[in-house]
Amino acid sequence: MLFAIVLLLTIGCIAFILVRGAKGTPRPGGLRGRIRDRGWALLLLPIAMSAAVMAGGAHGLIPAELGLAALAIVFAPKPAAKLVPYGVLGLAIFGIMLARTYNDGSISRVQYLFVDAGWGIWGAPPVLAEAGLLFVIGLWLLLRLNSPGAGTVRALTARWLASGRRGISGAQALLLIPVVGLAVQLLGPGNWFGWQAIDGLDVAVMDLTLFAGALVLIFRSRAWAATLAEAGLLVLGAYGWVITVFWPVVPGFAYGFADLNNSPASAHLWTVAVEGSVLLAAGLWLAPRVMRHHLTDLPDPELAARARHLTQRVQTLTQTRHDAVDTAAAELRRIERDLHDGAQARLVALGMSLQAAQRLFPTNPEAALALVAEAKESSSLALTELRDLVRGIYPPVLADRGLADAIRALALDTPLPVELDLDLPGEVKLPVASAVYFSVAEALANVTKHAGARAVRIQFSYSVGMLRAQVTDDGSGGADPALGTGLAGVERRLATFDGILAVSSPPGGPTILVIEVPCALSSPKISSC
Amino acid sequence: MRVVIAEDLFLLREGLVRLLTAHGFEVVAAVASAPELLRALLDERPDVGIVDVRLPPTHTDDGLRAALQARRQVPGLPVLVLSQYVEQLYARELLADQAGGVGYLLKDRVFNDEAFTTAIRGVAAGGTVLDPVVVQKLMVRHSRTEPLTRLTPREHDVLALMAEGRSNAAIAQRLFVTEKAVSKHAAGIFAKLDLALSDDDNRRVLAVLAYLGS
């Protein structure tokens, strides 16, 4: 009784500290802080004591448990505190087992928390209720204290909740067998649920297979349930042979129709062998058929999820490919127009000037000379236009040196102080490099034109397959990709490579523009001469 | 004057050889790739090497890198780099060793053979010649930064022409002023940029450029 109050008080303290801690109260320093730090671990003391007491009269265990707890508190208070939930859970499981022993007819009386448990009407149910409460508390503490294993519990819970929608994977379905087996052992199928007592491992295997198979059938698919049943058949058959060969090392009470009753005399071992062989043969005959059925069983939730994912991916790819082709076509149209109106026209003019000069040369050499000078001027202008055009298609430094130097050259050409922080451990493939280059160029052009900024900062970094570029300016802000075509074009250009653009630009600034593109890096270029 | 030419396009290479020969230069080697260029520069030790930035084997900036390597082995080896485009980044790399004897021009400057041969001679003499496009970009970039805002417009013009590698006489002619006036402007520029005075044209240009490049 006293112990129960202490236990509840300590659990209450933990809950209080957790709730207070969540509000972010600073931890007091000095002695109070130390007490609070160690206080966590002090909780281990009553729990260890109770576990030892309830272990059933093994008095020698008590000092050992207390000693262990004390050592844990002194030398590793924080990890020890993390073990508290396991103490509570252990007590809960102990309660369940205690209730079971009463159900099996035990008559010894044991104090369990508030209940003086024993045979009779006040025996099992209150103990079970208390154990259930402790179990819930233990689980809550486990999650709140983030003890080892909390992650697994969370993942399993999430998975279980999700399984209603998506089903569970085959591996998890198979994992159910040991889990369910443990549960069955713990609860004791004796006459707990009115089940037949387990007399032989074969019955346990059969129970497990059926139970797990049913679960799989509910949550997953017929194919997996059939596979499970198939595995059960093979295990059962093999078990028959194990009994036959290794008797009496392997304890056997019953196997199928053979009532061994702990002695081979009451039945012939060969009947066990025959039964095992029949089961094995059936299993082996069924195996390929089940597997074939399994492989062709299409409405598998996992496959369906994959199919959904792939469909989405195909939609994205169709869209971005469409955009990429559109962009490329528009780009080609622009180049064609620029060439037609620019360099081509200049070359025609040049040819005409030279032609006229040739005609004038014998009669009026001076006029011819003037025309030649004009032709020279024409060719110079044509070159300038071609140069600008080429720069727009593919910046020369990018072709020569790669992304980092191209960005350096871009920064030098920007009429603002640009701070560079380029951390690229390798070379970016040219198509991606080009997209990133033009994105940064667009960002810099915007900063120069609109932002009224005094300084710009460009940062490049790369980690786990993701290239990240950030352009920050101290301008007036208010940039929006939805307005204007520049940033929208950048977004489309990046989408071709599954890249994204994010802009944060509150009115008044600063503007932060982030580009992220998944890509691989090759080894850095090595100077060849 | 002994010249090495590196240009991978046959027509342009032959054109350059013809042009330079016509102006009395002696072309001791005309090569088409970066390794050949490096060998020619180191073996022939020409008065000036005329180098296209983009050369085989990788057709990127092999010519520039070969020229820089040659200058690392022979400090101050005069090199005039020609290119279809000019980049401040490459200009900085060429100027980084502060040894002078460097030129960086657009290819179409060849059209004006007078100016082109003057530039070659200037580089061979240890001067620094930058393409007006590079100079203009430098000026734009720094026009808003503090020390350059102190210059008068006329001083700006003088500074730009100085960076193109022009002598005081040439600047005077270009701006239609007397040489003395140019000297006065130059002194003003150096005072405003806190640069030490020096008689050496090239030193002055390098100092200015180092200042702009910082």
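Run the simple label-point estimate for A:Trp241 and B:Arg154 please: 7 Å along Cα→C-beta, distance reported in nm.
It works out to 11.0 nm between the two label points.
Among B:Leu159, B:Leu12, which comes first, second and so on when ranked by fewest other beta-carbon atoms within 10 Å?
Final ranking by Cβ density, sparse to dense: B:Leu12, B:Leu159.
Binned at 10 Å from 0, what are the whole-percent values of the Cα-Cα distance distribution for segment B:1-117, short to long?
P(r) over segment B:1-117, rounded to whole percents: 15, 52, 32, 1.
Semi-axes of the equivalent ellipsoid of segment A:401-522: what are they in whole Å, largest first, if each equals the square root of 5 times a C-alpha gyration tensor eigenvalue?
22, 16, 12
So what J values fall out for segment B:39-55 if you push phi through Karplus, 6.51 cos²θ - 1.76 cosθ + 1.60 with θ = phi - 60°, rounded to Hz, Gly and Pro as x?
Each residue of segment B:39-55 in turn: 4, 4, 5, 7, 7, 7, 6, x, 5, 7, x, 10, 10, 7, 4, 8, 9 Hz.
Translational D (Stokes-Einstein, µm²/s) of segment A:342-393 at 10 °C and 1.306 mPa s when Rh comes from the Kirkwood sum over C-alpha pairs?
139 µm²/s
Calculate how steeply helix B:132-142 sits against the longest principal axis of the alpha-carbon atoms of chain B, using the helix alpha-carbon long axis, and give the answer as 0 to 90 degrees to the nearest 10.
Tilt relative to chain B: about 40 degrees.
Which whole-number percentage describes the relative contact order of chain B, with Cα contacts under 8 Å and a sequence gap of 6 or more?
Numbers: 335 pairs, mean separation 30.0, N = 214.
Reported relative contact order: 14 percent.
In whole angstrom, and with the biggest value first, how far do the Cα coordinates of segment B:1-63 range along each principal axis?
Projected onto the principal axes, the Cα atoms of segment B:1-63 cover 33, 25, 12 Å.
Can you give the average number of partner chain beta-carbon atoms within 10 Å of each beta-carbon in peptide A:406-415, as a whole number?
4
Per residue of B:155-167, how many C-beta atoms from partner chains lie within 10 Å of its own C-beta, taken as a mean?
The per-residue average across the peptide is 0.
Report D for segment B:73-184 in µm² per second (integer): Stokes-Einstein, Kirkwood Rh on Cα pairs, 20 °C, 1.002 mPa s.
In µm²/s, the coefficient rounds to 145.
Using Cβ contacts closer than 10 Å as the measure, can you line up B:Lys137, B:Lys184 from fewest to most?
Lowest to highest Cβ neighbour count: B:Lys184, B:Lys137.
If you take the alpha carbon radius of gyration of chain B and divide it by 2.2 N^0.38 Å, what ratio comes out, to two decimals?
It is 1.02.
For B:Phe111, B:Phe176, which order do you get if you count the other beta carbons within 10 Å of each Cβ and list the fewest first?
Going from least to most buried by this count: B:Phe176, B:Phe111.
Determine Rg/Rh for segment A:280-391; Rg is computed over alpha-carbon atoms and Rh is the Kirkwood hydrodynamic estimate from the same atoms.
Reported Rg/Rh, Kirkwood definition of Rh: 1.68.
GNM, chain B, Cα, under 10 Å: largest mean-square fluctuation among B:Asp194, B:Asp97, B:Asp62?
B:Asp194
To the nearest 10 degrees, how steeply does helix B:153-163 sit against the main Cα axis of chain B, on a 0 to 90 scale?
Tilt of helix B:153-163: around 30 degrees.
Readers should treat all values here as calculations from the given coordinates under stated rules, not as data from a laboratory. Note that the coordinates shown come from a computational prediction; the quantities given were computed from them, not determined experimentally. Every residue, glycine as well, gets a Cβ built from its backbone with ideal geometry; the counts of neighbours run over all protein chains shown.
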